[in-house]
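Quick notes on the structure that follows.
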Amino acid sequence: MKHLTLILLLAFSLLNADELSDAYQKEYTFLKAQKSELASRLKQEKSFHEKEIQNTQTKVITLQNEIVALSQKSQALQKQIEKSSLTLDERTSNKDITSSVIIQAKSILNDYGIAVNDAKDADAVAAMHKAFEDTAALYTKLSSVQKIKGSFYLADGTTAEGDIIKVGNIAAFGISSKASGALAPAGNGEYKLWNVETSAEAAAFAKGAMTKDTKLFIYENLDKDVEYAKEKTFNDTLEGGGTIGYIILGLGALGLILVLLRVLLLLKSGSNVKEITSIVVAKVEAKQANEAIDAIKEYKGATARVIKATLRNIDKERDHIEDIVTENILNESSNIDKFGSFVLVLAAVAPLLGLLGTVTGMIATFDVITTHGTGDPKLLSGGISEALITTEFGLIVAVPLLLLGNLLSGWAQNIKDSMEQAALHIVNVFAINKA
């Protein structure tokens with residue numbers, strides 16, 4: 001039974017193997033056909049896409065060329081626009097300049113009786129040319145010497161009739177039977193005689209000649225009165241400095257007085273140093289130290305007092321003698337250095353007061369500007385004078401006081417050094433003779 005089953009199974013397997021082989025063969029044939037078809041389709045698709053890519057690249061290159069051409073065209077149009085805009089601006093500017101020139105010519109030439117008519121755009125250039133021609137003619141006239149009849153004021157306020165010789169439009173001379181000379185503006189288009197002797201120059205101009213050194217008064221216009229030339233005195237300068245200027249000069253005077261007093265004190269303190277020292281040294285070398293004090297009894301001053309104190313203690317120990325010398329020199333220093341520090345303080349305070357005057361002067365100037373504006377320079381001169389003059393006074397006082405103060409301080413120190421040197425020299429001579 002078992003053998004029969006195995007035979008049947010073997011026969012069934014053989015039958016199935018043939019069917020599987022046929023099925024596999026059919027499937028293989030089908031797949032091979034599919035592969036061939038897919039390969040053919042892939043080749044077609046690849047060829048199609050390559051053609052599409054080439055077409056696309058061609059289109060891109062064409063578009064790029066079109067973009068470059070359009071960009072160049074845009075740049076050319078932009079340059080044309082800028083050129084047109086510049087041309088328009090130039091024409092507009094020229095029009096504005098022409099209008100401005102005509103307006104200025106009208107405002108200036110009207111003062112000289114020359115009419116300038118308003119012009120439209122078409123006539124603006126012609127009007128401008130006419131204005132330049134009129135200006136050139138006026139310039140020629142004003143740059144020449146002219147003689148006209150007229151009057152001018154004298155220094156006493158009276159009027160003199162005669163000839164007025166105009167030197168262009170900047171100066172004038174007056175010739176009359178009363179007085180002659182250079183003229184200055186008196187305001188409102190009138191003249192007055194300048195308070196400087198210029199009659200020779202006026203006579204020379206009247207004859208058509210000029211002196212080698214011609215004096216004349218040059219003015220800007222005749223609308224504003226000009227004050228007579230006045231020589232500035234020290235009192236004017238002093239008044240210009242104001243209250244602070246007086247204070248600075250007062251401190252300067254005080255400083256000079258203290259300097260003189262200090263010089264007298266130093267002369268008194270430093271006098272007869274060598275003479276006193278030589279007398280005492282001679283007595284000590286002769287072993288007459290006790291008689292040395294009597295020998296210099298008639299001498300006064302700081303040096304004499306220091307050497308007398310040294311002689312009174314000369315037989316004591318060296319350290320003790322040196323202490324006594326130093327103590328006496330310190331006692332004399334208060335008199336030798338008297339007024340020295342105060343002089344230097346004044347030298348330091350003076351420029352600070354000058355700076356204070358500068359600040360107050362500028363404040364006053366700005367107050368005047370706030371109230372009256374800047375139209376009249378005379379109103380500003382007071383504050384400016386105070387601002388500058390106080391600084392000048394401060395420096396004038398500070399520089400000599402500082403210099404003299406330091407020189408006197410050095411002199412005082414030399415006197416103290418000479419006293420100490422003289423006293424120690426006497427002590428050394430005594431010690432040598434004693435030994």
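If only one of K338, K316 is charged (D, E, K, R), within 21 Å of L401 (Cβ to Cβ) and surrounded by fewer than 20 Cβ atoms within 10 Å (Cβ to Cβ), which one is it?
Answer to the selection: K338.
Filter segment 294-335 for residues that are among the small types (G, A, S) and closer than 17 Å to S418 by Cα and give the result. Lay out the reasoning, then the answer.
Step one: of segment 294-335, the residues among the small types (G, A, S) are 295, 301-302, 304, 309, 333-334.
Correct list: G301, A302, A304, A309, S333, S334.
Every residue, every condition in (1) among the hydrophobic types (A, V, I, L, M, F, W, C); (2) assigned to a loop (DSSP other than H, G, I, E, B); (3) at pLDDT 75 or above, yes or no:
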site	(1), (2), (3)
E197	no, yes, yes
M210	yes, yes, no
Y219	no, yes, yes
V226	yes, yes, no
E239	no, no, no
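Would it be correct to say that I175 is crowded, with 16+ Cβ neighbours inside 10 Å and at pLDDT below 80? Please lay out each step first, then the result.
On the way: crowded, with 16+ Cβ neighbours inside 10 Å: yes; at pLDDT below 80: no.
Spelling it out, it is not the case that I175 is crowded, with 16+ Cβ neighbours inside 10 Å and at pLDDT below 80.
Among the residues of segment 321-344, are any of a type in the set (G, A, S) and free of Cβ contacts under 8 Å to residues at least 12 places away in the same chain?
Checked against the condition, which is being of a type in the set (G, A, S) and free of Cβ contacts under 8 Å to residues at least 12 places away in the same chain, segment 321-344 yields at least one hit.
State all residues of segment 341-354 that are surrounded by 15 or more Cβ atoms within 10 Å (Cβ to Cβ) and either aliphatic (A, V, I, L, M) or over 39 Å from the mean Cα position of the chain (by Cα) (or both); if no residue qualifies, say none. Before you say what the answer is, go through the steps one by one.
Residues of segment 341-354 surrounded by 15 or more Cβ atoms within 10 Å (Cβ to Cβ): 343-344, 346-347, 349-351, 353-354.
Listed by number, the residues that qualify are V343, L344, L346, A347, V349, A350, L353.
For the subset of segment 160-171 comprising residues that are under 14 Å from E220 (Cβ atoms) and without any contact (Cβ under 8 Å) to a residue 40 or more places away in the chain, which member is surrounded by the fewest Cβ atoms within 10 Å (Cβ to Cβ)?
G168
I need every pair where a residue in segment 79-107 that is closer than 23 Å to H129 by Cα and modelled with pLDDT under 70 has its Cβ under 7 Å from the Cβ of a residue that is surrounded by 11 or more Cβ atoms within 10 Å (Cβ to Cβ) and polar (S, T, N, Q), sequence separation at least 6 or different chains.
Final answer for the pair search is A105/T135.
The values are calculated or read from the model by the stated rules, or taken from the named source; none is laboratory data. Here the structure is a predicted model, which is why all the values come from computation and not from measurement. Counting neighbours? That spans all protein chains shown, and the Cβs are built from the backbone with ideal geometry, glycine included.
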